[in-house]
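Structure first, commentary second.
Just so it is clear, none of the values below were taken in a lab; they were calculated from the coordinates. If you're wondering where the values come from, they're calculated on a predicted model, not measured in any experiment. Methodologically, a virtual Cβ is constructed for each residue, glycine included, from the backbone with ideal geometry; neighbour enumeration extends over all protein chains shown.
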Amino acid sequence: MALWSGAGAALTILLGSVFWIGTEWADGAIALEMAAVACCFFAAQDNPVPAILDFALYNALAAILAGIYIFAIMPRIDGFVMLALVLGPLFLVLGRVIANPRLAGRALAVGATLPTLAGLSNTYSADFAAYLNSALALVLGMGFAGLVTALVRAVGAEWGARRILRACWTDIRGVADIRAPAPDGALGPVFTGRLLDRMGLLVPRLAALPPGSEVAAADALADIRTGINILELRTVEGALPSPARAALDAVLADLAQHYSAISRAGAPRAPSPALLARIDAALAALMPLTDRRPRQALLALAGIRRALSDGVPDLPPSPPAIPQPPNPESLAA
């Protein structure tokens, strides 16, 4: 995505330069600069076109306000105090609006563009042709950036959400793969942090999905719970008795196959009854064991069973509650 965004910005600058040189427009450099700024400001978005056009719209509003200040207000004032009085109310309001995350981009567009176009200096000078050229270059440059971006790299929220989910599912499949060496203790925080970071990227994209999208059914939090519990199983499986380890290996193999299938499909799928049956069989094999390691594996398996079953209708019921290990004092009594 970073390379794709960079390629879109580079193409915008190249085409803008051709237009600037071909037309010999004196203010074409301003249009080119604003096109580059627009491409870079919103490069991290899957579809930056709406944000670029919105930014261009509020730059146009700033250009109109700058024209009012230049030709209607500035000729009637003199000195710094009067300048502060006429500029203060507008910029105090803009500063307050910038503190609102939902409106910050629009207020920033107005607040950053208006002083530039107004050309504030220690002496007053007004040239309508220069002002009009600068204002047009500002707005047209951003509009051109939106046009080129729409043609070469705009993608929908569903595409971005599917890409992030597939990366999560691929990582979970890799951790569950019993053919790979058992992970060491340093992998846990890295793996968990990566999944949580992707969830932060995923949530706003899921909120923007259209109704009926198959990706909207994904439960990223359940996948994170499953992945962390799989990591716990891989950590403790080496300390388990052979029958319990064989039952866990069968569960891990099925989990790796499950996440490999949904990663290839690019959409969430309900766990198969065979996978849930294997988990239940492993739970039954671990329940009689009372050592610390088997209990850790038992709790991790129960967490996986719960995460896979939550919100999915028509699945076999969960196994009975996990019994607590016997209390030595009660046995002695």
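Quickly work out the Thr116-to-Leu3 label distance, labels modelled 7 Å from Cα along the C-beta direction, and quote it in nm with one decimal.
Modelled inter-label distance: 3.1 nm.
Report the FRET efficiency, 1/(1 + (r/R0)^6), for Ala180 and Val155, where r is their Cβ-Cβ distance and R0 is 45 Å, rounded to 0.05.
With R0 = 45 Å, the Cβ-Cβ based efficiency is 0.90.
Which FRET efficiency, nearest 0.05, do Leu90 and Ala10 yield, Cβ-Cβ r, R0 30 Å?
0.25
Helix 104-118: angle to the longest alpha-carbon principal axis of the chain, degrees 0 to 90, nearest 10?
20
For helix 220-236, report the angle its Cα long axis makes with the longest principal axis of the Cα atoms of the chain; keep it between 0 and 90° and round to the nearest 10°.
50
What is the angle, in °, between the Cα long axis of helix 273-286 and the longest principal axis of the Cα atoms in the chain? Nearest 10 is fine, range 0 to 90.
Between the helix axis and the principal axis of the chain, the angle is about 60 degrees.
So what J values fall out for the stretch 163-173 if you push phi through Karplus, 6.51 cos²θ - 1.76 cosθ + 1.60 with θ = phi - 60°, rounded to Hz, Gly and Pro as x?
Ordered by residue, 3J(HN,Hα) equals 5, 5, 4, 5, 5, 5, 4, 5, 5, 5, 4 Hz.
From the phi of every residue in the stretch 252-268, what ³J(HN,Hα) in whole Hz does the Karplus formula 6.51 cos²θ - 1.76 cosθ + 1.60 yield, where θ is phi - 60° and glycine or proline is x?
5, 4, 5, 5, 4, 5, 4, 6, 5, 5, 6, 5, 5, 6, x, 8, x
Using a 7 Å offset from the Cα along the Cα-to-Cβ direction at both Arg264 and Ala277, what is the distance between the two label points in nm, to one decimal?
Taking the simple label geometry, Arg264 and Ala277 are separated by 2.2 nm.
Select one label from (1) -0.68, -0.75, -0.81; (2) -0.57, -0.68, -0.78; (3) -0.50, -0.61, -0.74: the one whose number is log10 I(q)/I(0) by the Debye sum over Cα atoms at q = 0.09, 0.10, 0.11 Å⁻¹ as derived from the coordinates shown.
For log10 I(q)/I(0) by the Debye sum over Cα atoms at q = 0.09, 0.10, 0.11 Å⁻¹, the calculated option is (1).
For Arg194 and Ala99 in one chain, what is 0.36 nm times their gap in residues minus the Cα-Cα distance, to one decimal in nm?
Answer, rounded to one decimal: 31.3 nm.
In terms of the Cα gyration tensor, with a ≥ b ≥ c the square roots of its eigenvalues, is the stretch 1-99 rounded because a/c is under 1.5, prolate because a/b exceeds b/c, or oblate?
In terms of gyration-tensor shape, oblate.
Once label points are set 7 Å from the Cα along Cα→Cβ at both Asp78 and Leu201, what is their separation, rounded to one decimal in nm?
The two pseudo-label positions are separated by 6.0 nm.
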